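The values are calculated or read from the model by the stated rules, or taken from the named source; none is laboratory data. Treat the numbers as computed from the prediction; the structure is a model and nothing was measured. Cβ atoms come from the backbone with ideal geometry, glycine included; neighbour counts cover every protein chain shown.
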Amino acid sequence: MKVGVIGYGSMGKMLLEKLSLNSNLIDEKLYVANRSYEKIADLAKEYHVCHSNQEIAKEVDILFICVRPINMKNVLEEIKTTLREEQMIVSLNGSITFEQIESVCKNKVVKAIPSVLAEINKSQTLLCCNALVNEQDKVTIKDLLSGIGSVIELPESEMGMGSELVSCMPGFIAAIFNEICLSAQKHTSIATEKIVQMVLNTMIGTGQLMIENDHSYQEVITRVATKGGITEEGVKVIQESFPQVSDSIFEKTLEKRRQTALNAQKAFKE
Ligand SMILES: NC(=O)c1ccc[n+]([C@@H]2O[C@H](COP(=O)([O-])OP(=O)(O)OC[C@H]3O[C@@H](n4cnc5c(N)ncnc54)[C@H](OP(=O)(O)O)[C@@H]3O)[C@@H](O)[C@H]2O)c1
């Protein structure tokens with residue numbers, strides 16, 4: 001099977017590196033194309049370097065399009081006459097709809113939203129397929145993406161919120177625990193690196209404990225925060241103050257997502 005990537009940015013580069021390493025479905029070098037050719041010109045040893053989006057669209061069976069939403073329409077317009085019916089397009093963007101893509105190309109379309117954790121093969125990747133994608137296609141694309149972590153399928157209407165929960169979440173988690181480390185620093189002379197290490201290892205261990213023992217968040221709280229104890233005091237503060245913060249996070253991000261979708265819609269109407 002021939003697989004290609006349009007867009008050699010953060011996501012495109014990561015996918016190229018990971019897919020070629022992890023998949024045995026891919027039986028030859030991956031294909032790559034990018035708007036600025038100079039960025040990929042020296043990659044001929046690793047990939048088939050294409051000079052245009054039409055060239056890559058002609059060659060591959062599955063085409064990952066890893067460009068910003070604002071550039072998606074242009075890319076689709078460039079390749080629409082080259083694409084064959086059986087080819088699958090994979091969009092990495094949660095804001096661009098199937099309807100918008102199908103208004104240009106009548107192909108099998110998959111939306112796949114990985115996270116930065118793909119770098120260590122731990123991405124919780126989201127998947128959503130248009131009506132032309134059959135069960136065998138789904139097996140193929142899930143197999144490809146399983147090389148970067150696990151895959152969960154969602155309806156198109158939930159891809160926005162789903163993206164907040166997997167794609168934005170590493171940033172949210174880092175921001176929350178950074179604040180916790182900064183607060184801890186005010187009350188101790190323990191070196192910052194040691195605080196970070198302690199919190200980080202405890203955070204990872206808590207996640208592993210939950211997965212291995214099939215614990216809910218509440219079960220962990222109950223085990224650690226004994227009645228009248230010290231942990232209970234901290235948990236109470238979090239339960240009283242944090243709901244406003246987390247509500248606000250999703251209100252802001254979902255509003256930003258709506259704006260991004262509107263901008264993409266404008267680009268598709270132009
Ligand atoms: N970053 C994340 O964590 C993440 C996670 C999940 C999903 N996504 C989604 O993945 C997509 C790509 O994001 P990114 O972070 O990889 O963006 P990025 O780093 O800005 O890379 C975009 C790439 O697309 C290329 N490009 C733009 N227009 C093109 C065209 N007409 N033809 C060919 N190549 C073109 C750019 O080329 P130049 O070299 O000329 O600029 C650039 O290399 C976005 O839709 C984003 O929402 C991102």
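Data overview
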read-out	value
Residue in the range 60-70 that is surrounded by the fewest Cβ atoms within 10 Å (Cβ to Cβ), counting only those that are outside any loop (DSSP other than H, G, I, E, B) and modelled with pLDDT of 95 or more	Ile62
Residue in the range 79-94 that is surrounded by fewer than 22 Cβ atoms within 10 Å (Cβ to Cβ) and part of a helix (DSSP H, G or I) present	no
Asp247 vs. criteria within 27 Å of the chain's Cα centre (by Cα), exposed (fewer than 12 other Cβ atoms within 10 Å of the Cβ) and not in a helix (DSSP H, G or I)	no
Residue list for the range 20-48, filter: under 16 Å from Gly9 (Cα atoms) and either touching a strand residue (DSSP E or B) at 6+ places or on another chain (Cβ under 6 Å) or of a type in the set (Gly, Ala, Ser) (or both)	Leu30, Tyr31, Val32, Ala33, Ser36, Ile40, Ala41, Leu43, Tyr47
Tabulated pairs, the range 60-74, first small (Gly, Ala, Ser), second at pLDDT 90 or above and more than 9 Å from the ligand (Cβ to nearest atom), C-beta under 9 angstrom, 6+ apart or interchain	none
Residues within the range 1-48 that are outside any helix (DSSP H, G or I), touching a residue at least 12 places away in the same chain (Cβ under 8 Å) and among the charged types (D, E, K, R), tallied	6
Val139 free of Cβ contacts under 8 Å to residues at least 12 places away in the same chain, surrounded by fewer than 20 Cβ atoms within 10 Å (Cβ to Cβ), aliphatic (A, V, I, L, M) and not in a strand (DSSP E or B)	yes
Boolean, Arg223 is surrounded by fewer than 13 Cβ atoms within 10 Å (Cβ to Cβ) and over 16 Å from Glu179 (Cβ atoms)	yes
Checking Ile249 against (1) more than 30 Å from Glu77 (Cα to Cα); (2) of a type outside the set (Asp, Glu); (3) without any contact (Cβ under 8 Å) to a residue 40 or more places away in the chain, the condition it does not meet	(3)
Residue count, the range 41-54 (criterion: among the hydrophobic types (A, V, I, L, M, F, W, C) and under 19 Å from Thr82 (Cβ atoms))	2
